[in-house]
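Step one of this worksheet: look at the structure below.
The values are calculated or read from the model by the stated rules, or taken from the named source; none is laboratory data. Predicted model, so just to flag it, every value in this text is computed and none were measured. As a convention, Cβ positions derive from the backbone with ideal geometry for all residues, glycine included, and neighbour counts pool all protein chains shown. Only protein heavy atoms, including side chains, enter the accessible area calculation; ligands, DNA and RNA are left aside. Shrake-Rupley method; radii C 1.70, N 1.55, O 1.52, S 1.80 Å.
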Amino acid sequence: MRILAIRFQNLNSLRGEHVVDLESGPLAEAGLFAITGPTGSGKSTILDAITLALYARAARYGNDTAEDMMSRSAGECSASVDFLCESGRYTAKWTMRRSRGREDGKFQPVKHELSCGGVILEEKTRSVVTKIEILTGLDYDRFLRSVLLAQGQFAAFLKSGKDERAALLERITGSHLYSELGALAHQVG
């Protein structure tokens, strides 16, 4: 899985619309990068946007209660991620609104969808999450341990078993293909 773009609006203290483009510019060529900055600059909010879009859960809180994510005095918030995996390019989008888009309105049900080429494939959170897990081979916990390594999670990744780390690294780097080819060559030879 490769994340291509992150878009979010009115999450935590980052009011307004924000875009992180990983397909062009210096980030596209970096391969591996770190998100750094002073406390309160929005580092964790970027990670939250990714996990909200993909799994409808905020990385920071680790639960399904996303109401805390909306910026104060906002009537709606959203997170969207474009990603690439072996079967193609997809967009996962999560949206939460208050009634009539008013800051004092009652929270409306979360909308969560997965699309490919502009065609909506799934529209219910459970179905979206299941499809993303199938497409990427990563459930929420594996995604956090292998792709995000959010604050404090890097130590957990390092402490995981050798076999689990190897499997996760193979999956995220795509090198599992080499293991499969090696096994096939061994069977033929």
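Checking each residue in region 36-57 for being open to solvent by less than 40 Å² (accessible area, probe 1.4 Å) and at pLDDT 85 or above picks out Thr45, Ile46, Leu47, Asp48, Ala49, Ile50, Thr51, Leu52, Ala53, Leu54, Tyr55, Ala56. None of Thr125, Thr130 is of a type in the set (Ser, Thr, Tyr) and open to solvent by less than 60 Å² (accessible area, probe 1.4 Å) except Thr125.
Residue by residue through region 122-162, note down the ones that are at pLDDT 85 or above, in contact with a helix residue (DSSP H, G or I) (Cβ under 9 Å, 6 or more places away or on another chain) and of a type in the set (A, V, I, L, M). Correct list: Val128, Val129, Ile132, Leu138. Restricting to region 14-35, name every residue that is modelled with pLDDT under 85 and surrounded by 11 or more Cβ atoms within 10 Å (Cβ to Cβ). Result: Leu27, Ala28, Ile35. Among the residues making up region 1-42, those that are in contact (Cβ under 8 Å) with a residue 60 or more places away in the chain and over 16 Å from Glu76 (Cβ atoms) are Met1, Arg2, Ile3, Leu4, Ala5, Ile6. Please specify each residue of region 122-147 satisfying the condition of being of a type in the set (Asp, Glu) and assigned to a helix (DSSP H, G or I). Glu133, Asp141 - these are the residues of region 122-147 that are of a type in the set (Asp, Glu) and assigned to a helix (DSSP H, G or I). Does Phe143 satisfy the criteria of being in contact with a Lys or Arg (Cβ under 7 Å, 6 or more places away or on another chain) and in contact (Cβ under 8 Å) with a residue 60 or more places away in the chain? Judged against the criteria, Phe143 is not a match.
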